[in-house]
1. Just to be sure I understand the model, the point goes 7 Å from the Cα along the line to the Cβ. What's the resulting Y75 to M49 distance in nm?
2. Order by neighbour count: R110, R16, fewest other Cβ atoms within 10 Å first, most last.
3. Which order do D28, D11 fall in if you start with the one that has the fewest other Cβ atoms within 10 Å?
4. When N counts the residues of the chain, how does its alpha-carbon radius of gyration compare numerically with 2.2 N^0.38 Å, as a ratio?
5. Determine by what factor the alpha-carbon radius of gyration of the stretch 145-210 differs from 2.2 N^0.38 Å, reporting the quotient.
6. Among Y75, Y179, rank each residue by its count of other Cβ atoms within 10 Å, from fewest to most, as a rough exposure measure.
7. Sort out for me the Cα centre separation of the stretch 38-66 from the stretch 157-184, rounded to whole Å.
8. Based only on Cα atoms, what mean projected area does the convex hull of the stretch 4-130 have, in nm²?
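Bear in mind these aren't lab numbers, they're just calculated from the coordinates by the rules spelled out. The shown structure was predicted, so the numbers you read here are calculated from the model rather than taken from an experiment. Backbone-built Cβ (ideal geometry, glycine too); neighbour counts: all protein chains shown.
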Amino acid sequence: MAKIRLMIVDDHEVVRLGMRAAFELESDINVVGEAGNGAEALAKINVFMPEVILMDVRMEKMGGIEACREIRSQYPQVSVLMITSYPDDEAVTASIMAGASGYLLKNVSRVELLKAVRQVASGQSLLKTEAAKKAIAQMTNLANHNEATPADGLTDREREVLALVARGYTNKQIAEALYLSEKTARNHVSHILEKLGLARRSEAAAYAVEHKLTQPKAQ
């Protein structure tokens with residue numbers, strides 16, 4: 001029987017080693033490679049050819065949600081299983097919209113982790129029904145807000161910031177990318193949420209994807 005080709009992506013080497021150890025004795029799972037962030041994972045997919053990627057949500061350079069979105073777009077045959085240290089409804093929703101097949105906490109038992117990888121590899125989704133319903137409801141609400149809060153009111157700079165928010169950038173990463181102070185980046189995000197009538201970054205990211213605002217406005 002062919003082994004499941006698994007890739008582990010986490011920015012902490014000790015965590016990667018621990019997760020690799022959890023699979024070492026399994027006859028049906030082969031850890032084909034590792035990466036320290038989303039950008040590195042994207043660069044290595046053609047080398048390792050994984051079937052499943054176990055992906056940390058929060059990482060420097062490129063976070064797991066942005067990387068998941070890119071991977072699912074470029075390599076739809078690859079399943080992504082998100083894993084994180086803390087429960088976060090916004091991250092669950094964003095993961096669903098990015099195309100993840102599952103979402104786990106790092107304190108999950110070894111048995112549960114193995115089961116999750118096998119289920120995802122077989123094509124099953126591990127996302128809880130309530131989380132999926134929440135994401136769908138969120139997208140519906142955003143669509144209903146379209147006429148009342150048009151994105152036309154955003155400045156070109158705010159569109160640039162919104163595009164980066166949709167890609168999972170933190171305020172610090174936005175500041176670095178656009179050569180701003182972190183405070184200015186945070187203010188831009190606040191203004192965007194206010195103009196769009198939204199409350200959370202994940203809602204802004206969903207709005208950007210739904211309304212094709214993931215690229216800055218053309219000059």
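1. Going from the Y75 label point to the M49 one covers 1.2 nm.
2. In order of increasing Cβ crowding within 10 Å: R110, R16.
3. D28, D11
4. Dividing the Cα radius of gyration by 2.2 N^0.38 Å gives 1.06.
5. Dividing the Cα Rg of the stretch 145-210 by 2.2 N^0.38 Å gives 1.00.
6. Y179, Y75
7. Spelled out, the Cα-based centre of one part sits 21 Å from the other.
8. On the way: hull surface 27.4 nm².
Average of the hull's projected areas for the stretch 4-130 equals 6.9 nm².
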